[in-house]
Amino acid sequence: MKVIKRDGRAVDYDKKKIEIAIEKANKEVPSSEKAKKKEIVAIQKYIEGLNKKRMLVEDIQDTIEFKLMEAGRFELAKKYIVYRYNRMLVRKQNTTDESILGLIRNSNKEVMEENSNKNAVIASTQRDLIAGEVSKDLTTRLLLPEKISNAHREGILHFHDADYFLQPIFNCCLINIGDMLDNGTVMNGKLIESPKSFQVACTVMTQIIAAVASSQYGGQSVDIRHLGKYLRKSYNKFYKELEDKYKDKMPEELIVSIAKDRLKSELSAGVQTIQYQINTLMTTNGQSPFVTIFLNLDENDEYVEENAMIIEEVLKQRYEGIKNDKGVYITPAFPKLIYVLDEHNSLKGGKYDYLTKIAIKCSSRRMYPDYISAKKMRENYEGNVFSPMGCRSFLAPWKDENGNYKFEGRFNQGVVSINLPQIALLAKKNMDTFFKLLDERLELCFEAIMCRHYSLLGTTSDISPVHWRYGAIARLQPGEKIDKLLKGGYSSISLGYIGIYEMTKAMLGVSHTTKKGKEFALKVMNHLRDTCQRWKEETGIGFALYGTPAESLCYRFARIDKEKFGEIKDITDKGYYTNSYHVDVREHIDAFKKLEFESEFQKISSGGAISYVEIPNMKNNLEALEALVKFIYDNIQYAEFNTKSDYCHVCGFDGEIKLNDKYEWECPNCGNKDKNKMNVTRRTCGYLGENFWNAGKTKEIKSRVTHL
C-alpha cells in the first residue's frame, strides 16, 4: 500500500509508524488507559485489511482515532488528537522550506513545469519562483479564509496564482497600445514620445510589453493594427527624403519604387524586432512576456493596406522561425498569434484571401496562428470583434460615458476554478444531490473569487505606473485608487471549470457528445453562466464563465480525485481531466463535428473559450487545413490546430525523423535517440504495439517498423 503524504508524495506503508505514534500518546496517560500491544496490532491489521492500494495519511490517522475510541481508550484518543494537532501547528510554522529547496535542487517538478515561458533552472527565474512559494505559503496560512485554503487543498476548487496573491496585482489585460503609442508613455521615469517611424514604434511596443509583463501575472494582448499609421509615416519620410534630394534628377515612379523598397526593409526589420525582442527579453518575473499579437484586418481602417503588409510579414517570419542555440530554426513560444477571419479573407474570393493562405501555411509548420471568426464573434459579443487577453480569456462588452464600446485598456482581476467531476463522483448519479452540491461549491467559489476582488480594492496607481498612470490600462493621477476600474463591469473576474466530459460520464455513464449527455452538460453550463450573471447583478462586478486556462490543473484535479475515489474507468484512470467543455481525445469524432459540437458550449462560456483539433503532420495537409479554416469562419468563434508531427526536443529539429540501421528513431540533426525527447509521427499503418521500441528483435516487428 502507498501512503499519500500531505505534500502529495506517495511513500510505502510502514506499520511501525502507527506503533510509534500510539506509543507517544501512551506516555501521556495512566497505565490503565494505555493501549496494549495486541490492540496496536489489531489497529495495524484493520488498516491493512482494508486492502487499499493508496491511503491518505489523514485517513490513516482518522482510523486510528476511531479504533482507539471503539476500544474505549477515550483519554488516549484525546492525547493522540492533541499530538496530531501539535504536529499540524509545527507544519504550519513553515511550509515553504522543502518547496524552496526543491527549486534550488531542481527537484520541485510541479512548480518548475507550471509555466512554459519560465526557465526554472536559471537564477533570475528561481528568485521569482522562491518569492512565489513564500506567497503561496502566506496565502494559504494567513491571507485566505481557512475553508478556502482547505477547499483548494482538497481539489474542490483551485485558487489560481496564489504565488502572486501576496501583492495587489491582477491577472491579464488588453494593452491600450494605440493610446500609448499615439500619446506617449513613461517607463522607469523616462518620457517615451510618440514614435516617428515604424521601426521605433516596434521597439517601443516591445518595451511596453516587457514593462507590463513585469507588473502582472497573466497574459497580455496587443492589436497589430495600431502600427499601420507608423508604417505610413516611414513611407512618407522615405518619399520626402528622396523627393527633396532627387526631384529634378529622377522620374517620380523611380522615387516611389525606391521608397517602397526602403519601406520593405524597414517593415522586415521592425517585425523582426518584435519577434526577437519578445523572445530574448526577460521580465522582472524571470520569464519571457506572455503576449499575444492580434492580427485583425478592418477594411474600414484608414491604414488597412499597411496593416495587411504588417500581418503578411509577421506570418512569414513566424513561418521561418527563430534559431536556437544549435542554429536550428524552431517555433518560438511567444508571441502567440491570433488571426481573424472575416468576409474579406475567409477563402470565399475575398481581397485578402492571400493572407489567410499564408496563415494556413504558417499553421501547418508552426501551429500558430489560432483563428477567430469575426462572423461568430459579432453574434456573441454585440457586433464586436476584439482580442482575448493573452490567450483565451474574453471581456464582456462595455461602453464608456459616450456610449462607445471599449475593450483595450481593460483587464481581468483573477480566476477561481471549480472541479466538476468531483461533484459528480460524490453525487453518485443522484441529480438532486449533484445540483445541491454544485450550488454549495459555487458559493465557496464566490467567496474565493471575492478574495481576489478585495485584495485589489484600495490599490493606488503608484503600484504599477505603466498600467495605471501611463496608459496600458488607464491614466490615473499619482496616488489615485483604482477602485472605479474594479466595478461596473469595466474589468472582469472569472469562474473557471474543468471536466464537463468526466462529469457527464460519472453522472450518466455516457459522454457529453451523446444526446442525453449533451442535454445534461448544457444544463450545467447554463447553470454556471446564470450563477455568474446573478453574482454580477448582486455585486456590480463583471463576473464571467471561463474555460479554464491552466492545462496543469487538469492533471492536479484528476490526481487528487484518484487518491479520493480510486481508479474509475474513463474518469480518474486517464491521469487527467478534459479541459472545460472539450471532447475527450479518446473519442472518435472528426474535426468538423468536434468544432461544430463545441461551438454550442463556446457561446455559453463567454468569459473565455477555445477549441482545437489535432491533425497528424499538418505540413502535408494544407487542403484539409483550408477546409477547416472555412468551416471555422461559419461555425465557431475561436479554434486552433495541434499536430503530432516529428519534433526533436533536444535541438528543436522539426523535419522528418527516420529509423536508423538499428531500427531506432534518430534525429538527423543532433543524433538524439531518446524516444522520450522526440515526437515521431507514426505513418501509414500506425502500429503502436508493446514491442514498438524493441523493433528488430523479431521478423514480425521488424517488418512492421520498416513498413512505417
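The values are calculated or read from the model by the stated rules, or taken from the named source; none is laboratory data. No experiment lies behind these values; they were computed from the predicted model shown. Here Cβ is always computed from backbone atoms with ideal geometry, including for glycine, and neighbour counts include all displayed protein chains. Please note that ligands, DNA and RNA were not included when accessible areas were found on the heavy atoms of the full protein model with its side chains. Shrake-Rupley method; radii C 1.70, N 1.55, O 1.52, S 1.80 Å.
Quick check, is I209 modelled with pLDDT of 75 or more, hydrophobic (A, V, I, L, M, F, W, C), part of a helix (DSSP H, G or I) and touching a Phe, Trp or Tyr at 6+ places or on another chain (Cβ under 8 Å)? Steps first, please.
Details: modelled with pLDDT of 75 or more: yes; hydrophobic (A, V, I, L, M, F, W, C): yes; part of a helix (DSSP H, G or I): yes; touching a Phe, Trp or Tyr at 6+ places or on another chain (Cβ under 8 Å): no.
No.
Among the numbered conditions (1) at pLDDT 95 or above; (2) surrounded by 13 or more Cβ atoms within 10 Å (Cβ to Cβ), the only one that K264 does not meet is (2).
For region 350-375, a residue qualifies if it is open to solvent by 20 Å² or more (accessible area, probe 1.4 Å) and farther than 19 Å from N635 by Cβ, and the qualifying residues are K351, Y354, K357, I358, K361, R365, M367, Y368.
Quick one: what pairs do we get from region 443-472, first residue farther than 17 Å from V186 by Cα, second open to solvent by less than 10 Å² (accessible area, probe 1.4 Å) and among the aromatic types (F, W, Y), C-beta under 7 Å, 6+ apart or different chains? Between residues of region 443-472 that are farther than 17 Å from V186 by Cα and residues that are open to solvent by less than 10 Å² (accessible area, probe 1.4 Å) and among the aromatic types (F, W, Y), the close pairs are F446/W535; A448/F159; L456/F170.
Answer yes or no: is there a residue in region 318-325 that is acidic (D, E), surrounded by fewer than 21 Cβ atoms within 10 Å (Cβ to Cβ) and within 25 Å of Y276 (Cβ to Cβ). Yes, region 318-325 has at least one match.
Close Cβ contacts (under 7 Å, 6 or more residues apart or on different chains) running from residues in region 232-246 that are more than 10 Å from I258 (Cβ to Cβ) to residues that are modelled with pLDDT of 95 or more and hydroxyl-bearing (S, T, Y) comprise R232/Y303; K233/S197; S234/S197; K237/S197. Of the residues examined, K45 is one that is out of contact with any helix residue (DSSP H, G or I) (no Cβ under 7 Å at 6 or more places or on another chain) and modelled with pLDDT of 90 or more. Restricting the first member to region 347-370 and to residues that are among the β-branched types (V, I, T), and the second to residues that are in a loop (DSSP other than H, G, I, E, B) and open to solvent by 10 Å² or more (accessible area, probe 1.4 Å), the beta-carbon pairs closer than 8 Å and six or more apart or on different chains are T356/L347. Being hydroxyl-bearing (S, T, Y), closer than 17 Å to C202 by Cα and open to solvent by less than 10 Å² (accessible area, probe 1.4 Å) holds for only one residue in T292, T280, and it is T292. Screening the candidates L191, L181 for the property of being open to solvent by 30 Å² or more (accessible area, probe 1.4 Å) and free of Cβ contacts under 8 Å to residues at least 60 places away in the same chain yields one hit, L191.
Can you find even one residue in region 359-370 that is modelled with pLDDT of 95 or more, touching a Gly at 6+ places or on another chain (Cβ under 8 Å) and farther than 22 Å from I209 by Cα? Checking region 359-370: not a single residue is modelled with pLDDT of 95 or more, touching a Gly at 6+ places or on another chain (Cβ under 8 Å) and farther than 22 Å from I209 by Cα.
Out of region 212-237, which residues are assigned to a helix (DSSP H, G or I) and open to solvent by 20 Å² or more (accessible area, probe 1.4 Å)? Quick ask: steps written out before the conclusion?
The initial filter retains those residues of region 212-237 that are assigned to a helix (DSSP H, G or I), namely 212-213, 224-237.
Selection gives R225, H226, K229, R232, K233, Y235, N236, K237.
Inside region 519-546, can you point out the residues that are hydroxyl-bearing (S, T, Y), within 13 Å of S605 (Cα to Cα) and part of a helix (DSSP H, G or I)? Don't jump to the end; show me each part of the working.
Residues of region 519-546 hydroxyl-bearing (S, T, Y): 531, 539, 546.
From what's left, within 13 Å of S605 (Cα to Cα): 531, 546.
Of everything in region 519-546, just one residue is hydroxyl-bearing (S, T, Y), within 13 Å of S605 (Cα to Cα) and part of a helix (DSSP H, G or I), namely T531.
Of everything in region 547-604, what is over 26 Å from V3 (Cα atoms), outside any loop (DSSP other than H, G, I, E, B) and among the charged types (D, E, K, R)? Give them in sequence order. Correct list: E551, K593, K594, E596, E598, E600.
Could you list, in sequence order, the residues of region 133-162 that are modelled with pLDDT under 85 and either surrounded by 18 or more Cβ atoms within 10 Å (Cβ to Cβ) or not in a helix (DSSP H, G or I) (or both)?
Residues of region 133-162 that are modelled with pLDDT under 85, as a first pass: 133-143.
Listed by number, the residues that qualify are E133, S135, K136, D137, T139, T140.
Filtering S215, S221 for residues that are under 30 Å from G132 (Cα atoms), of a type in the set (S, T, Y) and at pLDDT 95 or above leaves a single hit, S221.
So, in region 530-575, how many residues would count as being farther than 30 Å from M55 by Cα and open to solvent by 20 Å² or more (accessible area, probe 1.4 Å)? Let's see the steps before the verdict.
Of all residues in region 530-575, those farther than 30 Å from M55 by Cα come to 530-547, 549.
Imposing the further condition that a residue be open to solvent by 20 Å² or more (accessible area, probe 1.4 Å) reduces the set to 530, 533-534, 536-540, 549.
Number satisfying all stated conditions: 9.
Within region 65-85, residues that are closer than 13 Å to K34 by Cβ sit with their Cβ atoms under 7 Å from residues that are assigned to a helix (DSSP H, G or I) and of a type in the set (F, W, Y), at 6+ positions apart or across chains, in these pairs: L68/Y80.
Across region 41-48, a minimum of one residue is classified as closer than 24 Å to K564 by Cβ, touching a residue at least 40 places away in the same chain (Cβ under 8 Å) and open to solvent by 60 Å² or more (accessible area, probe 1.4 Å).
Looking across region 393-435, the residues that are among the aliphatic types (A, V, I, L, M) and more than 16 Å from L486 (Cα to Cα) come down to V416, I418, L420, I423, A424, L425, L426, A427, M431. Residues of region 588-613 being over 19 Å from the mean Cα position of the chain (by Cα) and either open to solvent by less than 10 Å² (accessible area, probe 1.4 Å) or in contact (Cβ under 8 Å) with a residue 60 or more places away in the chain (or both), which ones? The answer is I589, L595, F597, S599, E600, K603, I604.
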